[in-house]
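Beneath this line is the structure, given in structure tokens, with notes to follow.
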Amino acid sequence: MAASKTDNTPASAANLDRLAGQIERITYSDDESGFTIAQVKVFNRPGLVTVVGNLMAPTPGEVLKMQGVWTQHPRFGEQFKVVHCRTQVPATVNGIKKYLGSGMIRGLGPKIAERIVDHFGKETLDVIDTDARRLVEVEGIGKKRVAMIRTAWAEQKEIRNVMLFLQSHGVGTAYAIKIFKRYGDRSIAMVRENPYRLATDIFGIGFVTADRIAEKLGIAKDAPVRIEAGILYVLHQLTNDGHVYYPDTMLMEKAAEILQTEFGMLAGVLGTLCKREQIVMENLSDGGRAVYLAKFYLCETRIAQRLRTLIETPRQVALMGVADELAWVQNHLSIRLADRQVEAVKSALESKVMVITGGPGTGKTTIINAILKIFSRRDTSVLLAAPTGRAAKRMSEATGHEAKTIHRLLAFSMAHGGFQKKEDNPLSCELLIIDEASMIDTLLMHHLLKAVPPSATLILVGDVNQLPSVGPGSVLKDILASQAVVTVRLNEIFRQAKQSRIIVNAHRINSGKMPVAGNERDSDFFFIQREAPENALSTIITIVDERLPKLGYDPVNDIQVITPMHRGLLGTGNLNRQLQEALNPGEDRITRGDRRFRMNDKVMQIRNNYDKEVFNGDIGRITAIADDLQQLIVDFDGRAVAYEFSDLDEIVLAYAVSVHKAQGSEYPAVVMPVMTQHYVLLQRNLIYTAVTRGRRMVVLVGTRRALAIGVNTNKTEKRFTRLDERLREGNHSTIHSLRKI
């Protein structure tokens with residue numbers, strides 16, 4: 001079916017050995033590259049042969065006709081290194097059983113495959129291909145399963161065709177499946193028409209891969225479609241870095257570098273993209289121009305518009321005098337509010353839009369509860385929300401009111417075209433309180449404000465000193481900088497909170513002071529000095545697997561390792577592998593590249609998936625792996641979510657997570673490496689954010705020098721946004737012809 005080369009070494013077919021046999025089992029296979037290690041039963045040869053090379057979606061039972069060279073591996077012995085390979089469906093009864101029972105066809109596991117082959121024998125594959133209705137002749141197979149098998153078989157055939165085409169252009173099998181899911185039977189036509197669409201349409205495929213396909217399809221380096229795609233790709237990448245716009249000169253420099261083309265060719269293309277309304281350009285005060293992807297321009301300008309409208313529209317809730325309300329709520333809750341808390345509650349009663357910002361232990365929850373009591377006293381309709389499921393759950397527990405994620409609040413539905421709550425179907429509320437507002441990016445804030453009734457009161461609660469949102473923008477920071485919205489900043493740590501070293505040290509870090517670690521048994525903040533990364537790694541494993549569990553912490557559910565980096569000995573990749581081995585030893589059930597999943601593994605979603613209603617940063621546990629359905633089931637806080645094997649690049653192990661991914665969540669115990677090898681990422685807001693994720697215990701492992709670097713480095717990377725300017729200027733402008741977002 002397919003021919004592939006395993007390396008760039010030229011080889012004459014005349015000089016290659018030939019081998020034919022049936023795949024018995026797959027030892028290792030990387031879907032992205034196609035690299036495979038397989039055990040093959042070679043015809044007329046005793047035993048099994050180890051075959052290595054780039055194979056297209058290898059399946060046990062398939063027959064391989066190979067050309068290659070024999071090699072001697074120093075550890076694993078004799079291997080056949082494939083240079084060219086073609087696959088055929090098996091012809092023997094045993095081969096067909098193995099082939100169908102491998103999990104390649106959804107709905108067919110080993111037991112059902114065996115029953116089918118026992119019934120139809122060597123005709124099995126022909127029956128499935130031409131007259132699948134006959135499968136009901138087999139005991140235990142009904143019409144529903146027959147329909148599933150027919151659909152999966154047809155998809156497999158079409159996917160194989162797509163694989164053949166894409167593999168010849170250097171694209172791995174995993175991406176072929178994604179492309180087929182996105183474009184269906186038009187996959188090859190779509191890729192031929194404009195391969196650059198892959199860079200923005202398919203998760204995981206970048207411009208370089210799309211450009212390689214385009215080159216093989218004969219698209220010239222100076223073709224306008226290539227230059228346009230390159231500029232749009234760079235803009236998309238910059239939004240991933242947090243920018244809402246980018247200065248035109250800097251943008252063209254980056255695009256010219258990626259495209260390896262002359263700088264002067266790009267200016268005209270910018271004009272073309274602008275005419276097509278794919279981008280928007282605005283003049284900047286320094287004489288340059290801001291270049292936006294159209295949807296982010298629309299989002300930013302509409303955020304400013306809607307905040308102004310909210311501020312200027314009178315509320316409908318009739319409240320008593322502010323002094324009377326304050327006296328009533330303090331008496332009702334049996335508390336005495338501090339001066340800043342009084343100011344915050346007072347502002348909530350007098351303002352339509354306000355921000356409450358402050359670190360841990362400064363009384364934000366007390367203020368929210370007081371505001372809720374006052375508004376609820378008047379039978380006001382109140383809604384609470386937060387960006388993540390964990391933050392929403394924590395908000396519910398702290399207030400006694402239901403809180404939802406923002407996505408669920410806005411009733412997102414892929415089937416019905418996105419967020420259902422918007423201008424023509426607004427939220428039914430007179431008060432909306434949003435917690436963890438520092439996590440809200442430009443796109444989500446745009447959708448949120450579309451759904452807020454103009455007469456409602458909006459209160460944003462968050463800690464502006466944490467890391468900014470993962471998505472583009474610095475919404476909370478920009479709102480505060482604009483001074484267009486009433487803001488109360490809380491900086492007093494209350495007496496009870498002062499008993500927590502976690503809270504005290506978080507504020508010390510935020511003010512540029514080194515934290516004070518405990519050495520007594522009942523402390524909640526520890527620093528363990530380790531100079532060598534290897535020693536730090538073994539110490540972290542021991543803390544998670546042995547020391548904290550002795551204090552009553554569950555090593556998987558209660559303890560979260562948080563790290564600044566993804567790579568290296570103390571990055572998320574290696575920490576997850578080591579922690580998986582320590583906390584969940586056993587058989588690897590599914591392998592995807594260097595990721596190995598097992599039953600009961602702790603995993604995290606790494607991108608928003610609106611179909612599944614799981615979002616970037618959600619953490620769950622693997623509860624089932626169904627080989628016959630090619631599905632893996634993850635439990636997210638009591639909700640089972642199914643992943644097809646081809647979608648597993650959306651989840652990663654979560655025994656260790658990055659600081660960005662931990663934002664918005666709290667854990668009973670946090671363990672974090674702080675080493676000089678993390679130098680590039682050591683920032684005050686990163687250390688502060690990590691420390692404030694721990695509720696009852698924080699343990700830092702590393703060097704005091706690295707910790708000092710982080711605490712003393714307060715130069716956060718600039719994000720290009722203009723929301724603060726628009727709010728200051730009362731800017732209501734937008735391009736009304738742009739499609740609705």
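Side notes on the structure shown:
- Output for the range 575-621, where each listed residue is within 21 Å of THR563 (Cβ to Cβ) and under 13 Å from the mean Cα position of the chain (by Cα): VAL603, MET604, GLN605, ILE606, ARG607, ASN616, GLY617, ASP618, ILE619
- Considering residues of the range 581-602 that are in contact with a Lys or Arg (Cβ under 8 Å, 6 or more places away or on another chain) and open to solvent by less than 30 Å² (accessible area, probe 1.4 Å) only, the residue farthest from GLU546 (Cα to Cα): ILE590
- Whenever a residue of the range 355-379 is in contact (Cβ under 8 Å) with a residue 60 or more places away in the chain and of a type outside the set (A, V, I, L, M, F, W, C), its partners that are open to solvent by 50 Å² or more (accessible area, probe 1.4 Å) and part of a strand (DSSP E or B), lying with C-beta atoms within less than 7 angstrom and at least six residues away or across chains, give the pairs THR357/ARG489; GLY358/ARG489.
- The range 47-92, subset open to solvent by less than 20 Å² (accessible area, probe 1.4 Å) and outside any strand (DSSP E or B), residue nearest to VAL127 (Cα to Cα): PRO90
- Checked against the criterion of being open to solvent by less than 30 Å² (accessible area, probe 1.4 Å), within 31 Å of the chain's Cα centre (by Cα) and on the phi > 0 side of the Ramachandran plot, the range 473-482 contains one or more residues that satisfy it.
- Number of positions in the range 396-424 that are exposed (fewer than 13 other Cβ atoms within 10 Å of the Cβ) and either part of a strand (DSSP E or B) or of a type in the set (Gly, Ala, Ser) (or both): 3
- Of the residues examined, PHE597 is not one that is within 27 Å of ALA386 (Cβ to Cβ) and of a type in the set (Phe, Trp, Tyr).
- Of all residues making up the range 333-368, the number that are charged (D, E, K, R) and within 36 Å of the chain's Cα centre (by Cα): 2
- Residue in the range 489-496 that is over 18 Å from ILE367 (Cβ atoms) and either out of contact with any helix residue (DSSP H, G or I) (no Cβ under 8 Å at 6 or more places or on another chain) or not in a loop (DSSP other than H, G, I, E, B) (or both) present: no
- Scanning the range 224-270 for residues that are within 24 Å of ASP286 (Cβ to Cβ), of a type in the set (Val, Ile, Thr) and surrounded by 15 or more Cβ atoms within 10 Å (Cβ to Cβ) turns up ILE231, VAL234, THR239, VAL244, VAL269.
- Matching residues, the range 448-477, being assigned to a helix (DSSP H, G or I), over 20 Å from LEU686 (Cβ atoms) and either at pLDDT below 95 or of a type in the set (D, E, K, R) (or both): LYS450
- A single member of GLN605, GLN578 is in contact (Cβ under 8 Å) with a residue 40 or more places away in the chain and open to solvent by 60 Å² or more (accessible area, probe 1.4 Å), and it is GLN578.
- Flag for ARG394 being closer than 28 Å to ASP324 by Cβ and of a type in the set (D, E, K, R): no
- Given (1) assigned to a loop (DSSP other than H, G, I, E, B); (2) farther than 28 Å from ARG621 by Cβ; (3) of a type outside the set (Asp, Glu), index of the condition LEU707 fails: (1)
- Restricting attention to the range 192-215 and to residues that are among the acidic types (Asp, Glu) and either open to solvent by less than 30 Å² (accessible area, probe 1.4 Å) or in contact with a Phe, Trp or Tyr (Cβ under 9 Å, 6 or more places away or on another chain) (or both), the residue that is nearest to LEU166 (Cα to Cα) turns out to be ASP211.
- First in the range 209-231 and closer than 12 Å to ALA199 by Cβ and in contact (Cβ under 8 Å) with a residue 40 or more places away in the chain, second anywhere and hydroxyl-bearing (Ser, Thr, Tyr) and assigned to a helix (DSSP H, G or I), Cβ under 8 Å, 6 or more apart: GLU228/THR272
- Restricting the range 543-575 to residues that are more than 15 Å from VAL670 (Cβ to Cβ) and acidic (Asp, Glu), the residue that is most open to solvent (accessible area, probe 1.4 Å) is GLU546.
- Residue, most open to solvent (accessible area, probe 1.4 Å), within the range 93-119, restricted to residues that are within 14 Å of GLN630 (Cβ to Cβ) and of a type outside the set (Gly, Ala, Ser): PRO110
- When the range 126-145 is filtered for residues that are within 40 Å of the chain's Cα centre (by Cα) and open to solvent by less than 20 Å² (accessible area, probe 1.4 Å), the ones remaining, listed by number, are ILE128, ALA132, ILE141.
- Taken over the range 495-513, residues that are surrounded by fewer than 15 Cβ atoms within 10 Å (Cβ to Cβ) and either in contact with a Gly (Cβ under 9 Å, 6 or more places away or on another chain) or at pLDDT 90 or above (or both) amount to 5.
The values are calculated or read from the model by the stated rules, or taken from the named source; none is laboratory data. Just so we're clear, the structure is a prediction, and the values are computed from it rather than from any experiment. As a convention, Cβ positions derive from the backbone with ideal geometry for all residues, glycine included, and neighbour counts pool all protein chains shown. Calculation scope for accessible area: heavy atoms of the full protein, side chains included, ligands and nucleic acids excluded. Shrake-Rupley method; radii C 1.70, N 1.55, O 1.52, S 1.80 Å.
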